[in-house]
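For reference, the structure discussed in these notes is given below.
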Amino acid sequence: VLTMRVAVDISLYPLSEDFIPPIDDVIDRLNTYASIEIETNAMSTQLRGEYDDVMCALHKEIGITFASVPKAVFAIKILNNPI
């Protein structure tokens with residue numbers, strides 16, 4: 001089995017006046033994944049872990065956010081083989 005670690009930098013920009021609750025919600029949900037390391041700062045959240053774990057979590061949580069937030073933008077950067 002091939003394993004590959006990745007680091008992802010993700011930012012959510014809800015296009016509404018009340019933008020903080022959706023951001024807090026997605027961060028809270030991402031923090032439930034035991035197999036992913038999470039660090040949050042004022043501008044973005046960094047996720048580190050195995051590629052499949054990180055991508056599955058992003059797939060699920062982005063879908064939930066898009067279903068519940070009428071208009072939103074995710075900015076995502078992905079690095080393979082992080083230091």
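Against the list (1) in contact (Cβ under 8 Å) with a residue 40 or more places away in the chain; (2) part of a helix (DSSP H, G or I); (3) not charged (D, E, K, R), the condition residue 75 fails is (2). Selection of the range 39-79 for residues being open to solvent by 80 Å² or more (accessible area, probe 1.4 Å) and in contact with a Lys or Arg (Cβ under 9 Å, 6 or more places away or on another chain) yields 39, 51, 60. Number of residues in the range 1-32 that are over 13 Å from the mean Cα position of the chain (by Cα), in a strand (DSSP E or B) and under 19 Å from residue 79 (Cα atoms): the value is 1.
Only one residue in 69, 26 is in contact with an Asp or Glu (Cβ under 7 Å, 6 or more places away or on another chain) and of a type in the set (Val, Ile, Thr). Which one? Reasoning before the result, please.
Values: 69 fails: in contact with an Asp or Glu (Cβ under 7 Å, 6 or more places away or on another chain).
Of the residues listed, the single one that is in contact with an Asp or Glu (Cβ under 7 Å, 6 or more places away or on another chain) and of a type in the set (Val, Ile, Thr) is 26.
In summary, residue 35 fulfils each of the numbered conditions (1) surrounded by 14 or more Cβ atoms within 10 Å (Cβ to Cβ); (2) polar (S, T, N, Q); (3) outside any helix (DSSP H, G or I) with the single exception of condition (1).
Scan the range 9-50 residue by residue and report those that are touching a residue at least 40 places away in the same chain (Cβ under 8 Å), within 20 Å of residue 82 (Cα to Cα) and not polar (S, T, N, Q). Break it down stepwise before answering.
Just the residues of the range 9-50 that are touching a residue at least 40 places away in the same chain (Cβ under 8 Å), to begin with: 9-16, 22, 25, 47-50.
Right, trim to within 20 Å of residue 82 (Cα to Cα) and you get 9-11, 47-50.
Across the range 9-50, the qualifying residues are 9, 10, 47, 48, 49, 50.
The values are calculated or read from the model by the stated rules, or taken from the named source; none is laboratory data. Since the structure is predicted, the reported quantities are computational estimates derived from the model, not experimental observations. When we count neighbours, we look across all protein chains shown, and the Cβ atoms used for this are built from the backbone with ideal geometry, even at glycine. Protein only, heavy atoms only, side chains kept; ligands, DNA and RNA dropped before computing areas. Shrake-Rupley method; radii C 1.70, N 1.55, O 1.52, S 1.80 Å.
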